[in-house]
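Taken together, the values in this text are just the output of simple stated rules run on the coordinates, not laboratory data. Predicted model, so just to flag it, every value in this text is computed and none were measured. Virtual Cβ from ideal backbone geometry, glycine too; neighbours counted across all protein chains shown.
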Amino acid sequence: MINSPKVAVVILNWNGIKHLQQFLPSVLTSTWKNLEIILGDNGSTDGSVEYVRSLYPSVTIIQNDANYGFTGGYNRVLSQVEADYFVLLNSDIEVQPGWIEPVISLMEGDNLIAAAAPKVKSYQHRDKFEHAGAAGGFIDSFGYPFCRGRMFYEIEDDHGQYEQSGEIFWATGAALFIRKRCWDEAGGFDERFFAHMEEIDLCWRLKNIGYKIMYCAQSTVYHVGGGTLNTENPFKTYLNFRNNLLLLKKNLPFGRSVFVIGARYCLDLVALLRFLSEGKRKDAWAVSKAHQNFARNVFKREKNTRFVNKGSWQTSALTGMYKGSIVAEFFVKKKRKFSDLTDKCFY
């Protein structure tokens, strides 16, 4: 493809030499012709930059002077990259040679597609979806994210049930395809998110502008997961609760956000009490700290408020949002699979 758009696969790294040793070779087998592979380093001290420079001289290296997290790291690296498409790829992902072509073909077919994601499956259990993305990201009306193939802690086996590409609410940051012009228009990641839900915020802002987010079933990647913060880390608990409230404040119309955030405070209190009952005091305190941080900053004016949809609540910008409560569906009605939800309950 002589005239094919330029694709830059950008791997953000922080002391991840083991992942680079294991997974970078698969990225180098990618068959897209107009391709640049970039290692964006967040101030690593484990020799990973030297390792890549010596063994893989074809890989471009862009170094940050410190660890700016997922959001700040990518913002700084991508400001130095020229390409038609960026692919933000986690260092703990294995890819197949032709993984790029189906996604770019899908996006090239519609200029309104700003971002897309492949199917994400587990590296360790290759017949199962993986938590961070599965077969496309969705969200409920109270701001709880979930995926086709993954609802809360319940992860489905892949037996071909989600082979149809289509529009979703958010694309995983583990393997995020995005047009450079859309990245620039949205202003990149909000660095306050640091490392969780930043891709949902970015996708929601893009949707509020008028773009689409897509899932491409014809491309599959295999993700290890949990490489940055494990599930038992109280800091991850803090980020999940704080960032979720920030996500709602930023992207919902004001009247709706007041109602939803009020409801979330009540639901989060239930989660806090559950942590206490399970003896997880650090996680309970993390929820409290998240609420305190959000409350201190709730009246600060947001940047890019033009992205928030000021019109009707029921608009095309909400495609991929579940109208009800996924918490009620999962924990009360015991619906464990995405296929248990009816299409009419989505915008």
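Quick notes on this one:
- Our summary gives segment 1-111 a relative contact order of 40 percent, counting only alpha carbon pairs under 8 angstrom and 6 or more residues apart.
- Nearby aspartates and glutamates by direct alpha-carbon distance to K128 (threshold 20 angstrom, same-chain neighbours under 8 apart not counted): D92, E94, E154, E156, D157, D158, E163, D340
- With 27 Å as the limit on Cα-Cα distance, the pairs of K119/K337; K282/K333; K212/K289 that go past it are K282/K333; K212/K289.
- Among L272, L55, L206, the residue with the largest mean-square fluctuation in a Gaussian network model of the chain, with springs joining Cα atoms closer than 10 Å, is L55.
- The alpha-carbon of K33 sits under 21 angstrom from the alpha-carbons of these lysines, leaving out residues fewer than 8 places away in its chain: K6, K180.
- Stokes-Einstein D in µm²/s, Kirkwood radius over Cα pairs - segment 1-91 at 37 °C with 0.692 mPa s viscosity: 248
- Residue separation of R126 and F331 scaled by 0.36 nm, minus their Cα-Cα distance, works out to 71.1 nm of gained length.
- Taking each DSSP H run with n ≥ 4 as -39500 (n - 2.57) and averaging over every residue of the chain yields -10500 deg cm²/dmol at 222 nm.
- Taking every C-alpha pair closer than 8 Å and separated by at least 6 residues, the mean separation divided by the residue count of the chain gives a relative contact order of 18 percent.
- Additional length obtainable on full extension of the chain from W285 to C266, 0.36 nm per residue less Cα span: 5.3 nm
- Alpha-carbon centroid distance for the pair segment 155-177 / segment 72-121, whole angstrom: 14
- From most to least packed by mean Cβ count within 10 Å, the peptides 152-161, 317-326, 234-243, 17-26 give 234-243, 317-326, 17-26, 152-161.
- With R₀ fixed at 22 Å, the C-beta to C-beta distance from I61 to R181 puts the FRET efficiency at about 0.30.
- Distance-filtered residues of segment 234-248 - backbone nitrogen under 19 Å, label point 7 angstrom along F152 Cα→Cβ: 237-238, 240-242, 244-245
- Cα pair count fraction exceeding 32 Å, expressed as % - segment 7-223: 11
- Added length on full extension, which subtracts the Cα-Cα distance from 0.36 nm per residue, Q80 to T342: 89.9 nm
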